[in-house]
Amino acid sequence: MASSNNNQKPLILVSNDDGITAKGIRELVEVMTELGEVIVVAPDSPQSGMGHAITIHMPLKVRKSEVFKDLGVEAYECSGTPADCVKLAKFHLFENRTPDLVVSGINHGSNTSISILYSGTMSAAIEGAIEGLPSIGFSLCDYGSDADFSHIRSYVFKIAEQTLKNGLPKNLALNVNFPPRFDKTTEEEKQIKGVRICRQAHARWQEKFDQRTDPYGREYLWLAGDFVNPDRGDDTDEWAVNNGYVSIVPCQFDMTAHHGITHIHNEWEI
């Protein structure tokens with residue numbers, strides 16, 4: 001895909017939801033500098049689980065950051081959500097320049113299946129897709145703050161490179177999830193078997209609320225729960241990452257249920 005900017009290198013916008021100082025975004029920035037000119041616009045604090053929230057009742061603060069100075073990368077930290085970051089970049093910080101690629105992550109934790117709806121990582125990618133920009137959300141299925149990303153860097157590079165070269169259908173974003181490097185129970189090192197183009201698994205979170213008491217005797221609730229996956233298909237993102245593959249799910253923000261239109265036309269009397 002040809003750069004839409006005056007310079008030869010493609011312009012790559014990097015964001016995330018774990019915050020600008022997270023290990024995952026540094027890994028992503030380092031890889032993206034091999035592909036083009038990188039500018040980072042990311043939250044100044046963790047924004048996990050924010051979904052596609054935007055800031056409308058509070059002022060947004062954005063300031064230049066020195067976090068990636070050692071890499072020679074221009075960076076900004078924002079008080080808002082991941083979606084805010086992409087909006088600010090596109091309409092305020094980039095002036096007359098248009099990103100050739102939007103990448104988000106690398107998230108510390110899985111964003112497979114229903115988690116895409118809650119994911120701040122994917123909201124940044126989806127916001128890019130809304131603006132008609134090729135966009136990718138990267139997630140590693142390891143929640144550790146010091147997670148090992150070394151086994152996935154070449155895949156991040158290849159997927160981004162192919163996207164820059166071949167583009168994506170308009171308004172489409174890729175949700176990419178990677179297996180962790182080590183099995184948590186055995187500490188056995190895993191090998192990535194390859195890449196699977198998948199569908200989103202039909203799974204969900206079965207929530208529960210733990211009732212607790214603070215030091216002053218006041219009761220509060222803490223959201224908890226278990227991930228339930230009744231989908232036994234071997235073509236899903238869940239199956240892929242659990243079996244050692246990188247999963248790529250093409251996503252869209254058009255949530256129209258077309259079969260619902262047909263049902264209402266045929267069955268309702270209105």
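The values are calculated or read from the model by the stated rules, or taken from the named source; none is laboratory data. Fair warning: this is a prediction, and the values are worked out from it, not measured in the lab. Every residue, glycine as well, gets a Cβ built from its backbone with ideal geometry; the counts of neighbours run over all protein chains shown. Just so you know, the surface numbers come from the protein's heavy atoms only, side chains and all, with ligands and any DNA or RNA stripped out. Shrake-Rupley method; radii C 1.70, N 1.55, O 1.52, S 1.80 Å.
Peptide packing for 254-260, 189-195, 146-152 was compared via the average number of neighbouring C-beta atoms within 10 Å per residue; ordered from the highest value, the list is 146-152, 189-195, 254-260. Relative intensity of segment 51-200 on a log10 scale, I(q)/I(0) at q = 0.10, 0.16, 0.21 Å⁻¹, equals -0.39, -0.98, -1.50, per a Debye sum over C-alpha point scatterers of equal strength in the absence of solvent.
What is the dipole size for segment 136-270, taken about its Cα centre, with +1 at each Lys and Arg Cβ and -1 at each Asp and Glu Cβ, in debye to the nearest 20?
Numbers: 15 positive and 21 negative charges, 105 e Å.
Dipole of segment 136-270, to the nearest 20 debye: 500 debye.
Expressed as a fraction of 2.2 N^0.38 Å, the value expected for a compact globular protein of N residues, the C-alpha radius of gyration of the chain is 1.05. For the set Glu77, Glu188, solvent exposure ranked by accessible area (probe 1.4 Å, protein chains only) runs largest to smallest as Glu188, Glu77. Sorting His52, His263, His202 on solvent-accessible area from highest to lowest, probe radius 1.4 Å, gives His202, His263, His52. Ignoring lysines fewer than eight residues from Lys190 along the same chain, the ones with Cα atoms less than 21 angstrom from its Cα are Lys23, Lys158.
Wrap a convex hull around the Cα atoms of segment 124-228, take a quarter of its surface area, and give that in square nanometres.
Here the figure is 10.4 nm², rounded to one decimal.
For a quick check of understanding: with a 1.4 angstrom probe and all protein chains in place, what accessible area in square angstrom does Arg204 have, to the nearest ten? Here the accessible area works out near 130 Å². The accessible-area ordering, largest first, of the residues Asp237, Asp70, Asp18 stands as Asp70, Asp18, Asp237, per a 1.4 angstrom probe. Phe91 sits with roughly 130 Å² accessible to a 1.4 Å probe, with DNA, RNA and ligands left out of the calculation. Place a point 7 Å from the Cα of Gln206 along the Cα-to-Cβ direction; which residues of segment 220-257 have their backbone N under 13 Å from it? Answer for segment 220-257: 225-231. Within the full protein context, the accessible area of Ser154 is estimated at about 60 Å² for a probe radius of 1.4 Å.
Using only side-chain charges placed at the Cβ, +1 for Lys and Arg and -1 for Asp and Glu, the dipole size of the chain relative to its Cα centre rounds to 500 debye.
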